1. Please give the length that would be gained between residue B:63 and residue B:264 if that part of the chain were fully extended, namely 0.36 nm times their separation in residues minus their C-alpha to C-alpha distance (nm, one decimal).
2. Report the one residue of A:483, A:513, A:499 whose Cα lies farthest in the direction of the positive end of the charge dipole of the stretch A:470-570 (charges on C-beta: Lys and Arg +1, Asp and Glu -1; origin at the Cα centre).
3. Where the centroid of each part is defined by its Cα atoms, how far is the stretch B:221-300 from the stretch A:237-301 in Å?
4. Return the inverse of the average 1/r over all pairs of distinct C-alpha atoms in the stretch A:470-570, which is the Kirkwood hydrodynamic radius, in Å to one decimal.
5. Span-like helices, chain B: DSSP H, alpha-carbon axial extent 20 Å or more, mean Kyte-Doolittle -1.0 or greater, which ones?
6. Direction-averaged shadow area of the convex hull around the Cα atoms of the protein assembly as shown, nm²?
7. Roughly how compact is the stretch B:368-413, stated as its Cα Rg over 2.2 N^0.38 Å to two decimals?
8. With label points built 7 Å along Cα→Cβ from the Cα atoms of residue A:244 and residue A:542, find their separation and express it in nm.
There are 2 protein chains.
Amino acid sequence: MKVSKMLGERFKQAPKDCIIDSHALMMRGGYMKYVGNGIYSLFTPTKRITTKIERIIREEMDRIDGQEVMFPVVMPATLWEESGRYTSIGSEMARFKDRGGNPMVLGMTHEEAAVHLARDTAKSYADFPFMIYQVQTKFRDEPRARGGLIRVREFTMKDAYSFHTSQADLEAYYERCHEAYERIFKRAGAKNVISVKSDSGMMGGSVSHEFMLLSEIGEDTLAICPACGYKANMEAADCLVKNEAGEIAPLTKVHTPNAKTIEEVVKFLGTSAKNLCKAVVYQKNEDDSYVIAFIRGDLEVNETKLRNHLGYEIHPATAITEESGIVAGFIGAIGLDSKIKVVWDRSLVGIENLVCGANETDYHFTGMNIARDIGAVEYVDVAKIYAGAVCPVCGKPVIEINKGIEVGNIFQLGTKYTKSMDMTYLDANGELQHPIMGCYGIGVGRLCASICQESHDKFGPIWPMSIAPWQVEVCNLRCDDETVNNTANALYEELLNKGVEVLYDDRNIRPGAMFADADLLGVPVRVVVSPKTCDKGVVEVSFRDKSFKGEFAIAEAADKIKEIVQTELAKYNI
Amino acid sequence: MKVSKMLGERFKQAPKDCIIDSHALMMRGGYMKYVGNGIYSLFTPTKRITTKIERIIREEMDRIDGQEVMFPVVMPATLWEESGRYTSIGSEMARFKDRGGNPMVLGMTHEEAAVHLARDTAKSYADFPFMIYQVQTKFRDEPRARGGLIRVREFTMKDAYSFHTSQADLEAYYERCHEAYERIFKRAGAKNVISVKSDSGMMGGSVSHEFMLLSEIGEDTLAICPACGYKANMEAADCLVKNEAGEIAPLTKVHTPNAKTIEEVVKFLGTSAKNLCKAVVYQKNEDDSYVIAFIRGDLEVNETKLRNHLGYEIHPATAITEESGIVAGFIGAIGLDSKIKVVWDRSLVGIENLVCGANETDYHFTGMNIARDIGAVEYVDVAKIYAGAVCPVCGKPVIEINKGIEVGNIFQLGTKYTKSMDMTYLDANGELQHPIMGCYGIGVGRLCASICQESHDKFGPIWPMSIAPWQVEVCNLRCDDETVNNTANALYEELLNKGVEVLYDDRNIRPGAMFADADLLGVPVRVVVSPKTCDKGVVEVSFRDKSFKGEFAIAEAADKIKEIVQTELAKYNI
């Protein structure tokens, strides 16, 4: 492809809303164009990259016996009513009525469609296991689209669904899929992808993992134990806290004028935050009733863990009314209105002697002992794990906190969908059973943007050879010079004939502008043809990642370039 | 792939709603599953076929310098407001509001998105011409989805958009694209595809062609001249009528009791339908006002031609009220309420002496002469062309009428979109101009189903080698016989290793059932391994289309099979 003929413009200044490097570079490099909030059109370079990523994904899915199928983007609501998700999923799901007035949805995931496709055909245990997958457009009405292709509303996703007759079989397949995912990310050139235990959220099921590309700009927070290798999304990470036994003291109400925050109380009483019983107030989305989580003063509540424990949607309290009986800044469990739902975090276990609010302006209690002053309570884990926390597996207090971008996920779904949608098969004993499902997703565009985020310099992306839009870019520095022009043209044609994917910059522009564009296009191998190189009878070859620079004799250039492309490619053929 | 592991069921009885062979066979063969009206999930065989069709399309689009891009399925309504189509397109376009209350649409075509992608980047005449295309899901809320994948609501389409600085350049590119389309249909194995002049409909623009796969089940009616090769969609075909001069007669009102229809009037007056001035009544959609088309008594009105002439939507009159002044069965131009819109078809030119209604129950006029009795009128062509009509190009009265399925279309759009969306470039004189566009579509699923319709027998599809889901099917007739089993397994593996796409029926079922399934799967080359063939040291090889049957020695079978696959494939490599 010739740059002169390629649609798309490259420019110096990133659009103002680009706060992430990959977003800025992909806008500046002519990779995509904003159409609407979280909706982009993709120019040819991106389409070429995503096509290569999709090819890698398909090969790996086929390798683990996947059967490629195609589900619809638009589905009748009735299908989603069967699973119950038509009502349980909120405004992330786009809905409309067709011309006949029938409610329709845009697929944001395809468990329902997968069960629908399979349920009338897989009817005997002998038909199992199997896995079906598709690569298809999805629409999720994300409230906070951001970061270019990192978090969009419309995206291309590979989603796969496996069906099994036993939990053991699902687990074995889950493991194969886990390995396939590792291969996919390696082959696509993503260097720092790890899998972490995750929260299953709205998908249902129990065991699940997310594949996280480690990155400071990631929206997910991960707890990693360098000692034993434990890795979990913060939302799924157990927060273990060990409290040292202290002395029992009498419950005493003390005057703490204006001491509302943890810091103020700690300072006023000359104690440690670890001795405080902090109250965090939420409201139930449904009716705005209050939920108070009590947690050790130095810790934070993880909202997802709290939500999973409660089983309903909540939000941080937006208004604490006078009638609520809640005295903001001085909230405590003693004397609290019994209508308020209370949750006790496990971090409070074993503290004999706590400071807590007295539910009265400017007063706290000291010496609070939960067992003595409240009675038996249920402790649950709703605390956010933190750097230096105790590893829930090896017990060492060495947890590290990292940020990651979720580039894939795998779920053991169980029978949530096959039961609700009544998919059954006859087992070997002639009895009807519900198959056990797994599901496995990868966002193609997000993976592309994440790799750009991981592999770039300030001049542009550095695409791995396996997914680069082109393998080689030939820069003709003087198309008005006959020798240079003929040499560059001939090399371009020769490389094409040898099956190398070549981008050819044949424009009559300054070398600086041409190189800036080449940096933005991120093609791994660059070949420069100039009067200087022609005089020497060579072309100049360099790698975008700066790991190689050399000169090849013109006559041998095409063969040698093809060879280095093959060598680079081979690194990703694991 | 092993049939035992393949999801999808084949069965004998077509679902009741299948009135078209391809639909019935593709349902019976486990190719697809009904999800909702005009919405299907596709099983692996169909996905494999459509992937091959898409590959052929991409190769041919790339060959004519196309750049693959990707537009969104979901677009903000604002983009469609720019072109005016947000209001001009009716309920075929699905619309919804996103969580922010913004009106969104599902793309049914992507002219707006193409202009949006190109308009900020192609700003100088030197940037032209270029063509961008995508292969993407579309949703059109068809009122009459039918025939399986022939007419659906959700479908995969290749849509391409070219941009030019002159009409001549557009026309030259249009011709290249026409040739590319011919190659695509040939390579995909469609045998009877012709291009016909078409009506441009809602796309705007003037010149356009449809590629029609000739088929009795086609919804489009085509006029073809066997003498000169003229081909047009009936909606775009000029209807030429030659009337012989007759004698002028006086205008006479005659009593024609109960003679309302053409047949009744012809019989009552002992004349020919060619002497009648027939009135066909329509109503404007907007306000239900009346439109009457007068046409020669033996001809029919083509509604699309009439609509194009009027420039607004109409429907056949549903109710003729007493106040309308229209006397059904006795309508004529003389004395008609002047508020009623009248259209004169060209077929009435040159008839000196007509029979027409007298706008009075049970009365007609004879001897009506339009020039004398009505005055100067504008004649337009709104008549349906018919078998034996005069060819508008060569003038011979030999027009033939055929049915066709539209598998592709190409349009010269002109500046409709670039003007309304204000896309401009600087020409060589430094002046701002609007680029001239063409657009080019192919429905992938419809092409798949059309080829099935064209190439099948009563037992199943006969897929062309170039798009067949697999190239070879190995039928193991006795997987419980060790020799047969080992031979078939080994052949399957060997063929796979040689890069042949093999479906392997390894199920322990009766030969009759296995062959019935194989017929439904339509794989071009069938290899049978049975005790009989093993005794002879051979495998039996036959073509699905019955053009070949033979035996190959087991040791040579894989090589020979690969060879015949290559030979077959080469037939489509034009």
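Read-outs throughout are calculated quantities, based only on the coordinates presented, and are distinct from any laboratory measurement. Because the structure is a prediction, the values reported are computed rather than measured. Note: ideal-geometry Cβ built from the backbone for every residue, glycine included; neighbour counts use all protein chains shown.
1. Length gained between residue B:63 and residue B:264: 66.3 nm.
2. A:513
3. Rounded to whole Å, the Cα centres lie 91 Å apart.
4. 13.2 Å
5. Working: long enough: B:44-63 (28 Å, -1.22); B:167-187 (29 Å, -1.26); B:482-497 (22 Å, -0.50); B:554-570 (25 Å, 0.16).
TM-like helix candidates: B:482-497, B:554-570.
6. Details: hull surface 238.5 nm².
If I average the Cα hull's projected area over directions, I get 59.6 nm².
7. Its radius of gyration relative to the 2.2 N^0.38 Å reference: 1.80.
8. 5.9 nm
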